[in-house]
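Worksheet: the structure to be examined is printed underneath.
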Amino acid sequence: LFTGSETTSTYLTVREVASDTEVVCICHNAARLEGVMLTVHFSGVTNPIPTFSDDDVEDIMTWGKKNEIDFLSISFCRSKEDVLYARELLDRAGLKGTEILSKIENKDGLLNFEGIITHSYGLILSRG
């Protein structure tokens, strides 16, 4: 189990799943995790959370359209379906000329690399 923010990360081993909302872990390094942008990566497990939140969709359809964005970056892109869905949202918002950059940040994205790159303007590879 890996977790981190934009400035630090830590390596954890799950000791116990205490409930549906609580996991007890052993920390293997010193790190201070703070702020609102924390991510969790489960080694060998596909994340069931959708790539685009409702807020993401709303931002694309309102702020993105209003500001006529040139690029959309997809964080944690896992498959070509993520890219195709982004293209669909952009097209619905009237942003047919907006290019898509897909960020590969996990194993799913790496395994589906060919489909992602085929439908993306460019790629961003995470150091993780």
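Any read-out appearing in this document is the output of simple, stated calculations on the displayed coordinates, not a laboratory observation. Quick caveat: nothing in here was measured; it's all calculated off a predicted structure. Here Cβ is always computed from backbone atoms with ideal geometry, including for glycine, and neighbour counts include all displayed protein chains.
Peptides 62-75, 9-22 ranked from most to least packed by the mean count of surrounding Cβ atoms within 10 Å: 62-75, 9-22.
Determine, from the Cβ-Cβ distance of residue 22 and residue 53 and an R0 of 22 Å, the FRET efficiency 1/(1 + (r/R0)^6), rounded to the nearest 0.05.
On the way: r = 23 Å, r/R0 = 1.04.
Working from the Cβ atoms, E equals 0.45.
A cut-off under 12 angstrom between Cβ atoms defines the neighbours of residue 78, and their net charge, with Lys, Arg +1 and Asp, Glu -1, is -1.
If you stretched the chain out fully between residue 65 and residue 46, how much longer would it get, using 0.36 nm times the residue separation minus the C-alpha to C-alpha distance? It would help to have the intermediate numbers written out before the result.
Working: separation 19, 0.36 × 19 = 6.84 nm, distance 3.15 nm.
Between residue 65 and residue 46, full extension yields an extra 3.7 nm.
What is the sum of charges around residue 121, taking Lys and Arg as +1, Asp and Glu as -1, for the other residues whose C-beta is under 11 Å from the C-beta of residue 121?
Details: positive: 87; negative: 70, 99.
With Lys, Arg at +1 and Asp, Glu at -1, the neighbours total -1.
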